[in-house]
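Chemist: Quick one: this structure, given as C-alpha cells, is what I'll be asking you about.
Each reported figure results from applying straightforward, stated rules to the coordinates on display, with no laboratory input. As the structure is a computational prediction, the values presented were derived from the model and not from experiment. With ideal geometry, Cβ positions are generated from the backbone for all residues, glycine too; neighbour counts draw on all protein chains shown.
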Amino acid sequence: MHERTLIVYPDPRLLAQAVAARTLLTLNEVLGTPGRDRTDIAVTGGTDGTAILESMASSALLDIVDWSRVHVWWGDERFVAADSDERNDRAARAALFDALIAEGRMGDAQIHAMPADDRSAEARSHATAHDDGEALEHAAARYQQELLHELGEAAAMDLMMFGVGPDGHFASLFPGRPQLGLDGDDVLVTGVQDSPKPPPLRLTMTVPMIARSARVWMCGSRPGKAEAMAHTFLQRRDTAFPGSFADAMHEVLWICDEDSAAQIRQ
Ligand SMILES: O=C(O)[C@H](O)[C@@H](O)[C@H](O)[C@H](O)COP(=O)(O)O
C-alpha cells in the first residue's frame, strides 16, 4: 500500500478552496506531460465533494485547465432516475460542468455519468430484490464497459476524489458489506443494495479500480467525521471502516479540517 499523507486546513470553506486549487493545478500538470492527450478524473457527491466543485467554478485557476481534454467520471452514484435531484452527477453538473459545457469549453461526451435507473416508476415500485440486483448488475457492467472502451484494459483515473462518511465509508463502499471483498481486476464497478446511506440502490467503483488511480484524495470536514477520518487514515483494510482500503499508485492524501483531524492529531 502507498504511504498516506495528512493535510489539514482551518475550516471546511478553506478545505474546499484549497482542494479546488490543488485539483486545477493537478489537471494542468497532467495535461502538460509530454504525450498526454487527455486526463481522467473521478468526482464524488456529498457535502465536501460538491463544495470542492463549486469552489473550482469560482477559482481564479479555473482557466489554467484545457477543459476540452478533461474527462469526468464518478467513483459512485445513487441508482435513481436520471432526472432525480439525488444523483451525484446532477449536483456536480450544477456546481461546475454545466457551465463549462454551456461555454463550449467541454463536450457532453466528456462527462461519463454512471447509468441511471431507467425502469419506470411503476416497475421500480414493484421490483423484488432480485430485480434490483439484475438492474444494478447490468448498469455496473455498462459502466465498466465504458471505462474499458475509453481507457483500455488498464483503465485508471489520474485522480479520484472521495468524501468520507461519518461511518468511514467512501464511494459506496459501506462497513461490513461484501463489495469490499471484491479484490480481482475483473470487477471494476459493482452494485449496492440496502445502502445504509439513502438511497438504498447504488453503483460504486471497487477497491481494485480505485487503487489503480494515480492519485486518491480522501476528504472530510466537520467534527462528526473525526472518528472516521482517524480510523480510515490510521488503519489498513479494516472492513469496519471502508475508507481504510483507499490506495493509489502515486499519491494518497487524507484532507481534513481542524475538526475532522482532531482524533488523528491526539
Ligand atoms: O453518494 C454519496 O452519498 C456520496 O458519493 C458519498 O460517498 C459521499 O461522498 C460521502 O457520503 C460523504 O458525504 P458527505 O460529505 O455529505 O458526508
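Chemist: So between His130 and Ala99, what do we pick up on full extension, going 0.36 nm a residue minus the alpha carbon distance?
Modeler: Details: separation 31, 0.36 × 31 = 11.16 nm, distance 3.92 nm.
That pair, His130 and Ala99, stretches by 7.2 nm at full extension.
Chemist: Continuing with the same structure: So who's got an amide H within less than 5 Å of the one on His71, skipping anything under 5 residues away but keeping other chains? H placed 1.01 Å off N, in plane.
Modeler: Hits under the 5 Å cutoff: Thr39, Asp40, Ile41.
Chemist: Run the simple label-point estimate for Ala121 and Asp11 please: 7 Å along Cα→C-beta, distance reported in nm.
Modeler: For Ala121 paired with Asp11, the spin-label model returns 4.1 nm.
Chemist: Just order 21-33, 245-257 by mean Cβ neighbour count inside 10 Å, highest at the front, would you?
Modeler: Final packing ranking: 245-257, 21-33.
Chemist: Moving to a separate point now. How high is the relative contact order of the chain, in percent, with contacts defined as C-alpha pairs under 8 Å that are six or more residues apart? Before the final figure, lay out each step's value.
Modeler: On the way: 547 pairs, mean separation 63.0, N = 266.
Value for the chain: 24 percent.
Chemist: For the ranges 126-133, 91-98, what's the packing order if you count other beta-carbon atoms within 10 Å of each residue, average per peptide, and put the highest first?
Modeler: In decreasing order of mean packing, 126-133, 91-98 become 91-98, 126-133.
Chemist: Next question. Rank-order 195-204, 73-82 by packing density, defined as the average count of other C-beta atoms within 10 Å over each peptide's residues, highest first. Could the numbers behind the result be given before it?
Modeler: Details: 195-204: 18.5, 73-82: 23.0.
With the highest mean Cβ count within 10 Å placed first, the list reads 73-82, 195-204.
Chemist: So, one more: Compute the label zone of Ser68 within region 99-118: residues whose backbone N is under 18 Å from the point 7 Å along Cα-to-Cβ.
Modeler: Of the residues in region 99-118, 99-111 have backbone N under 18 Å from the label point off Ser68.
Chemist: Further question on the same structure: Is it possible to state the helix-based mean residue ellipticity at 222 nm for the chain, with each DSSP H run of 4+ residues giving -39500 (n - 2.57), the sum divided by total residues, to the nearest 500 deg cm²/dmol? What is it?
Modeler: Numbers: 8 runs with 86 residues, N = 266.
Calculated at 222 nm, the ellipticity per residue is -9500 deg cm²/dmol.
Chemist: With contacts defined as alpha carbon pairs under 8 Å and 6 or more residues apart, what's the relative contact order of region 90-175 in percent? Numbers along the way, then the final one.
Modeler: Values: 27 pairs, mean separation 12.3, N = 86.
Once normalised by length, the contact order is 14 percent.
Chemist: With unit charges on the beta carbons (Lys and Arg positive, Asp and Glu negative) and the dipole taken about the Cα centre of region 5-257, which residue among Pro223, Val192, Ala123 sits farthest to the positive side?
Modeler: Among Pro223, Val192, Ala123, the one farthest towards the positive end of the dipole of region 5-257 is Pro223.
Chemist: Work out how much length His2 to Gln145 would gain on full extension: take 0.36 nm times their residue separation and subtract the Cα-Cα distance, in nm to one decimal. The partial results should precede the final answer.
Modeler: Working: separation 143, 0.36 × 143 = 51.48 nm, distance 2.76 nm.
Using 0.36 nm per residue and subtracting the Cα-Cα distance, I get 48.7 nm.
Chemist: I want to check the label-to-label distance for Glu227 and Asn28. Put each point 7 Å from Cα in the C-beta direction and report it in nm to one decimal.
Modeler: For Glu227 paired with Asn28, the spin-label model returns 4.2 nm.
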